[in-house]
Amino acid sequence: IVERPNARAVGTENNLKRIPGNPTDLSPLLLLPGNLEPVSAVKAAGIDTGIVSLGRVEGRPAYIIGARMWEQDKPQLWLDKESLLPVRVIVFVEEGGKREAFETRLKDYGSAIAGNLFPAVIEHYRAGTLVRHAEVVQLASNQSLPDTLFEIP
């Protein structure tokens, strides 16, 4: 699956096909916003920015935007209370007439490799099942990656 701020696609590098719906992974917008507007993406994902509550993630207090801690059926963004960095995002997508939860957990900020502003571990869950686990094991800057890696037809 390839996701951009306004598009999603699935397939191989040479055969990507668009799929409907908003992106399920908001972490690129939240961690590296650049010219993009994170608040617009959060609202487009159905997160109600007018609802804010408190919860805990791995023993640390967190702001929950979009729901109360016990409302797991609502789209929501969790921010670490001290650093305001994203630690959890839950969005929902309608696929085949079924509403499915997509959750992203951003963990281990402050690692020696990833630094203070980027998580060392990013996990993606679909309907409660872990589908992707990514860890920062090495950092290399100024990489020349071809733009075609990030294009969606």
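Looking at (1) outside any loop (DSSP other than H, G, I, E, B); (2) open to solvent by 40 Å² or more (accessible area, probe 1.4 Å); (3) within 15 Å of VAL91 (Cβ to Cβ), which one does LYS74 not meet, given that it meets all the others?
For LYS74, the exception is condition (1).
Between ARG88, ARG132, which is open to solvent by 60 Å² or more (accessible area, probe 1.4 Å), in a strand (DSSP E or B) and closer than 30 Å to LEU16 by Cα?
Details: ARG88 fails: open to solvent by 60 Å² or more (accessible area, probe 1.4 Å).
Step by step, each of ARG88, ARG132 is checked, and only ARG132 is open to solvent by 60 Å² or more (accessible area, probe 1.4 Å), in a strand (DSSP E or B) and closer than 30 Å to LEU16 by Cα.
Look at region 108-129 and say how many of its residues are at pLDDT 90 or above and either in a helix (DSSP H, G or I) or closer than 30 Å to ASN14 by Cβ (or both).
Total satisfying the criteria: 5.
Yes or no, residue by residue, for (1) charged (D, E, K, R); (2) over 25 Å from GLY97 (Cα atoms); (3) in a loop (DSSP other than H, G, I, E, B); (4) at pLDDT 75 or above:
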site: ARG18; (1), (2), (3), (4): yes, no, no, yes
site: GLY21; (1), (2), (3), (4): no, no, yes, no
site: GLY46; (1), (2), (3), (4): no, no, yes, yes
site: GLY55; (1), (2), (3), (4): no, yes, no, yes
site: TYR63; (1), (2), (3), (4): no, yes, no, yes
site: ALA67; (1), (2), (3), (4): no, no, yes, yes
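If GLU100 satisfies all but one of (1) touching a residue at least 12 places away in the same chain (Cβ under 8 Å); (2) within 23 Å of ARG56 (Cβ to Cβ); (3) not in a loop (DSSP other than H, G, I, E, B), what's the number of the condition it fails?
(2)
Out of the residues in region 35-44 meeting the condition of being hydrophobic (A, V, I, L, M, F, W, C) and closer than 19 Å to GLU100 by Cα, tell me which one is most open to solvent (accessible area, probe 1.4 Å).
Within region 35-44, the subset hydrophobic (A, V, I, L, M, F, W, C) is 36, 39, 41-42, 44.
This time we only want the ones that are closer than 19 Å to GLU100 by Cα, so: 41-42, 44.
Numbers: ALA41: 20, VAL42: 10, ALA44: 55 Å².
Among them, the one singled out is ALA44.
Looking at region 129-149, I want the residues that are under 24 Å from ASP108 (Cβ atoms) and have a partner that is at pLDDT below 85 with Cβ atoms under 6 Å, at least 6 apart or on another chain. Which pairs are those?
Within 6 Å, the pairs are VAL136/ILE113; VAL136/ALA114; LEU139/ILE113.
The values are calculated or read from the model by the stated rules, or taken from the named source; none is laboratory data. In this text the structure is predicted, and so the values were computed from the model without any measurement. Cβ sites come from the backbone with ideal geometry, for glycine too, and all protein chains shown count toward neighbours. When the accessible area is computed, the model is the full protein with side chains, heavy atoms only, and any ligands, DNA or RNA have been set aside. Shrake-Rupley method; radii C 1.70, N 1.55, O 1.52, S 1.80 Å.
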